[in-house]
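Comments concern the structure below.
The values are calculated or read from the model by the stated rules, or taken from the named source; none is laboratory data. From a predicted model like this one, the values you see are computed outputs, not experimental measurements. Please note: Cβ atoms are built from the backbone with ideal geometry, for glycine as well, and neighbour counts cover all protein chains shown.
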Amino acid sequence: MDTRTELSEVTKKLDRLKKVGSRLEDLNQEIAELQSKVAHLVKQVDKESEDIETLKKMGVKSLFYKVLGSKEEQLEKERQEYLEANLRYDEVRKSLDLLKYERQILEDKIRTLPATERHYQELLKAREKEIIAADPKLAAKINSIDAQISEREKMIFEVDEAMAVGRGAVHLLDQVLHNLNQAVNWGQWDMAGRKGRMTGHMKHRQIDMAKDMAYKAKISLTQFEKELRDVYGPEDFGLTVRIPTFSSFTDIFFDNLITDWIVQQKIQNTRSGVIAVRDKAQRLLATLEGTIPKINYEINQLEDARKAVLK
C-alpha cells in the first residue's frame, strides 16, 4: 500500500474515531437526562397507583358526582394515566439501558484514538516529503487535488454510514409494524367470537414486542438524523435535503397506542404513524443513494486532473 492510499485509509479511521468521541459526549448527556427522567417517572407511577387505590376505596358522594363525574369514570381516567406513566417509564428505562450498552462499546473503540492520531501525523509528513521530492512546483497543485479527492471520499464514507444506520432504523420499524399487524390479527379473532385468555395474551404480547422495538427504533432514528446532518453539513457539494426530526417518534407511538388500546381497542392509528415515519426514512435513504454517483463522478474528474498534472 503506497503512502497516499494508507493516508486515505487512516484519515477515514481517524474521522470515525472523532465521530465516536462526539457521540460519547452526546451519550453522556443523554444518559444523565434519562437518569433524571427515570427518577421522576418512578415517583409519577407510584402516585398514579396510589390514586387508583384511593378511588377504589372512596365512597361515592353527591359532590363527587357533580364535580368529577361518576366514580367509574374517574377510575378509568386514573387507569389510563397510570398506563401512560408506566409506558413512559418503561421507554426511558429501556432507552437508558441501550444507551449505556452503546457507551461501553464506544469507550472501547475510542482508546485507539491517540495511536491513530500519531500514525496520521507520521503519514502526513511522509506524504509531504514525497510530493516535494517529486517536483516542488507541482506540490501545491497536487496537494490541492488530493485534498479535494479526500473530501469527496470522506463524503462517500459519511453517506455509507448514514445509509447503514437508516437501513437499520427501517428494519426496526418493519419489526414494529409486523408485531402490530400480528396484534390486529389476534384482535380480529376476539371480534369473531373466539375470545379467551389465549387470544388476549397473544395480542398484548405482540403489542409489548412492538413497544420494545419502538424503543430501539427511536434511538436508531435519532442516530440516523445525526448521520444525515454529517452528510448534509457545510461541505454538501451542492447536495440539499430537508432533514426531519425523529425525536418525537415514541411520543406519537405511545399517544396513539394509548388511545387505540384503551379507548378504541384498535391499533390502526399506531400503525399509520409508524408507516409514515418508515416511509420518510425510506425516502431519505433513496436520496442518500442518489448522491453517490454524483460524488464518484467528481472523484474521477479529480483523478484525471491529478494524472494530467503528473504527466
Over segment 163-174, the set of residues in contact (Cβ under 8 Å) with a residue 60 or more places away in the chain and either touching a Lys or Arg at 6+ places or on another chain (Cβ under 9 Å) or within 30 Å of Ile207 (Cβ to Cβ) (or both) is Val165, Gly166, Arg167, Ala169, Val170, Leu173, Asp174
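This table checks each residue for (1) touching a Ser or Thr at 6+ places or on another chain (Cβ under 7 Å); (2) among the acidic types (Asp, Glu); (3) at pLDDT 80 or above; (4) loosely packed, with under 12 Cβ neighbours inside 10 Å.
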site	(1), (2), (3), (4)
Leu41	no, no, yes, no
Leu55	no, no, no, no
Lys77	no, no, no, no
Glu84	no, yes, no, no
Please indicate, with yes or no, whether at least one residue in segment 97-109 is surrounded by 12 or more Cβ atoms within 10 Å (Cβ to Cβ), in a helix (DSSP H, G or I), among the hydroxyl-bearing types (Ser, Thr, Tyr) and outside the structural domain of Ala308 (by TED's automatic domain parsing). no
